Amino acid sequence: MLNIALPKGRLGETVYDLFERAGFDCPSIREKSRKLIFENEKTGVRFFWVKPSDVPIYVERGAADLGVAGKDIILEYAPDVYELLDLGLGKCRMAVAAKKDFHDENTKTLRVATKFPNIASTYYEGIGRDIDIIKLNGSIELAPILGLSDVIVDIVETGTTLRENDLEVKANILPISARLIANKSSFRFAADEIGAITEKMKELVKTDD
Amino acid sequence: MRKEMNDAVLTREERVVFALRDLYRRYGYLPYRMSKFEEYELYVRNKEFMVGDRVIAFNDTNGKMLALKPDVTLSIIKGGEDRPGEKQKVYYDENVYRVSKSTHRFKEIRQAGLECIGDVDLYDVFETVTLAAKSLSAIGDDYRLTISHLGLLTDALSRVSSDPAFLNEASGCIAGKNAHDLKTACDKFGVSSSDYDALCRLLAANFAPKDAPAFLSSLPKTGAAQEIGRLAALLAASPYADKICFDFSLTGDVNYYNGFIFKGFLRGIASDVLSGGQYDGMMEKLGRKARAVGFALYLDLLEALDEPDAGYDVDVLLLYNEANDPADVAEKADGIRAAGRSCTALHAIPEKLRYRELKDLRKEGKTC
């Protein structure tokens, strides 16, 4: 039986659809209930929903053999896991944004508000820019508006929130999408099962493209 | 009887340590005992070789900076000397002090392992891998040993590009079995699709020793490929063949490690419990000419394995009071113990004590 951690929310539901189409369905997950774990003995899978940012933790610690997490979460927490497949779902980008009239003159330490301090630090280290990280847990867009930061590093999907708040993307850092990840120890003991799921999902992802 | 007694009295970690000592001794490895302290400087100079880069440091009474050992191998290398034609084969089980990955605080960790230092040849590598497999089987039957060869990976990458940025990015992708980001890296650095395909074959490789010839037939006949072929042939004929696989996503720091590297896994433990390989680069960095191969087993991780619960703490609880004759209580308790059962004598039943049988002597008591 393979334990699979799915991210709660719209992305998780799309990801489950993909598992279902790949032949690893679990009908009880569609039923309305307060159950936390859903199992299908026939297909040998057990799903559970977890907070998206917790998926890599469940997988790295072996509570889940497989999981689906955004590339943003994987880069931020750097879990020691295998990243087997880009599912091409939940596509967005990690970007630097600021007020439209902001221009970085590189004369002082740049104040960066973000939920992703590791990604932001790595990006600015790469371009040799001295920064001060302000770690926030939500409503990142407020930071430059209220003068808490000069820029933000955050996920941008459509850019609507930025536009409505008079902000704009100043630089793209990297594209983001959902990835299938596996625990390294589980992979050693269930290589065939994990390989079969990965291959079937890969075919579907190719077809959907 | 002796084994039953050991099972009852010893913890899993203690049983494993005794089994490993016996195993390594039978292969002619000598015990290596060392001080808990080491010169701090040794770790500052070789941070990348260690599992973590932080150590507990302090000033000795003479002002010298010392550290509680976070690693054993460095001390063994430093403490030895090169004797051409000879081999030093040692084993150890020691406590080391490292930052825990989970709590991010220092933790005392028991580590066992062995090192073979000298003119290391294929036999020594095979013996070390065999002992790694036997060490895992001393803990449980359900284990896997994964072997890689750093030469194969570095040869393949250097054929494709010499750009350090590409090599760094591609190595990370191979270590994560991440073919999609490897493709992005290859596109970014102008690597051809045939070279990408070749790297993908390495990234995805996961084969048993008996399948090595088929896998190697598609690769250039490099020294690394030949070494893999010879080791795989030896392992294919061993009793552990079905527990061993070759997987080139297993990587290590090429400044320290070279040739074969390996990791061991036990079902029920989320990370590798055994790690080892050839570390000639490390030897050279510490001024040694000899070659070396060895491994370490992280015994603290065995806590994650389920230990069968006996269900009780003591077989018999004897209750007595001041009215009982102490000699009578002692005689009754000793009689129970002589029959092979454990026994404790108390005045009252402790809230958390789990016992099989209660014998109340208080009613039999008489005033002395």
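The values are calculated or read from the model by the stated rules, or taken from the named source; none is laboratory data. Keep in mind it's a predicted model, so treat the numbers as computed, not measured. Virtual Cβ from ideal backbone geometry, glycine too; neighbours counted across all protein chains shown. For the accessible areas, the whole protein counts, side chains as well, though only heavy atoms, and no ligand, DNA or RNA atoms are used. Shrake-Rupley method; radii C 1.70, N 1.55, O 1.52, S 1.80 Å.
Put the Cα centre of the stretch A:47-77 next to the Cα centre of the stretch B:244-264 and the gap is 26 Å. Across B:Leu317, B:Leu182, B:Leu23, mean-square fluctuation computed from a Gaussian network of chain B (C-alpha pairs under 10 Å connected) peaks at B:Leu317. If you average the C-alpha positions of the stretch B:61-133 and of the stretch B:160-182 separately, how far apart do those two centres end up, in angstrom? Computed from Cα coordinates, the inter-centre distance equals 30 Å.
So, for the stretch B:314-364, what is the accessible surface per residue at a probe of 1.4 Å, expressed in square angstrom? Intermediate results must be reported in sequence, preceding the final value.
On the way: 3270 Å² over 51 residues.
Here the per-residue accessible area is 64 Å².
Taking a straight Cα-Cα cut-off under 13 Å and skipping sequence neighbours fewer than 8 places away in the same chain, the aspartates and glutamates within cross-link reach of A:Lys135 are A:Glu76, A:Asp154.
Once every DSSP H run of n ≥ 4 in chain B is given -39500 (n - 2.57) and the sum is divided by its residues, what mean residue ellipticity at 222 nm do you get, rounded to the nearest 500 deg cm²/dmol?
On the way: 13 runs with 135 residues, N = 368.
One gets -11000 deg cm²/dmol as the mean residue ellipticity at 222 nm.
Inter-chain neighbour count for B:263-272: the average number of beta-carbon atoms from partner chains within 10 Å of each residue's beta-carbon is 5. Calculated [222 nm] ellipticity per residue, helices only, for chain A: -9000 deg cm²/dmol; basis is -39500 (n - 2.57) per DSSP H run with n ≥ 4, divided by all residues, nearest 500. Considering only B:Glu322, B:Glu41, B:Glu303, the mean-square fluctuation computed in a Gaussian network model of chain B, springs between alpha carbons under 10 angstrom, is largest for B:Glu322. Spin-label model, A:Glu157 to A:Asp101: label points 7 Å out along the Cα-to-beta-carbon direction sit 3.1 nm apart. Have a look at the stretch B:163-182 and report residues whose accessible surface goes down by 50 Å² or more when the remaining protein chains are included, against the chain on its own, probe 1.4 Å, ligands and DNA/RNA excluded. Buried by the other chains: B:Lys177, B:His180. The residues of the stretch A:168-209 occluded by other protein chains by 50 Å² or more of accessible area, set against the chain on its own, are A:Ser185, A:Arg188, A:Phe189; surface from heavy atoms, 1.4 Å probe.
Would you report the distance distribution of C-alpha pairs in chain B as whole percents per 10 angstrom bin, up to the bin with the largest distance? P(r) over chain B, rounded to whole percents: 5, 19, 25, 21, 13, 9, 6, 3, 1, 0.
Starting from the Kirkwood radius over alpha-carbon pairs of the stretch A:32-134, derive D by Stokes-Einstein at 10 °C in a medium of 1.306 mPa s and give it in µm² s⁻¹.
Numbers: Rh = 16.8 Å.
Answer from the Stokes-Einstein relation: 95 µm²/s.
In the stretch B:210-270, carbon and sulfur make up what percent of the accessible area (probe 1.4 Å)? Here it works out to 57 percent. Please build a GNM for chain B, connecting alpha carbons under 10 Å apart, and tell me which residue among B:Glu307, B:Glu227, B:Glu38 fluctuates the most. It is B:Glu307. Shape summary of chain A, radius of gyration then Dmax from alpha carbon positions: 19.3, 63 Å. Computed on the Cα trace of the stretch B:314-364, the radius of gyration divided by the Kirkwood hydrodynamic radius gives Rg/Rh = 0.94.
With the convex hull drawn over the C-alpha atoms of the stretch B:148-243, the volume per residue is 89 Å³. Taking every C-alpha pair closer than 8 Å and separated by at least 6 residues, the mean separation divided by the residue count of chain B gives a relative contact order of 16 percent. Nonpolar atom fraction for the stretch B:314-364, defined as the carbon and sulfur part of the 1.4 Å probe accessible area, stands at 50 percent.
Here the alpha carbons of the protein assembly as shown define both size measures, Rg and Dmax, at 28.9, 98 Å. Please tell me which of these pairs span more than 21 angstrom C-alpha to C-alpha: B:Lys87/B:Lys243; A:Lys32/A:Lys200; A:Lys91/A:Lys115; A:Lys42/B:Lys177; B:Lys69/B:Lys101? Violating the 21 Å limit, Cα to Cα: B:Lys87/B:Lys243; A:Lys32/A:Lys200; A:Lys42/B:Lys177.
Annotation for the B:A interface, with buried accessible surface near 1500 Å², both sides summed [1.4 Å probe; non-protein components not counted]. Shown for the stretch A:53-209: the carbon plus sulfur share of the solvent-accessible area, taken with all protein chains present and a 1.4 angstrom probe, equals 47%. Counting only protein heavy atoms, probe 1.4 Å: which residues of the stretch A:49-70 lose 50 Å² or more of accessible surface in the full assembly compared with their chain by itself? Hits at the 50 Å² cut-off: A:Arg61. Extending 7 Å from Cα along the Cβ direction at B:Asp119 and again at B:Glu81 yields two label points whose distance is 2.0 nm.
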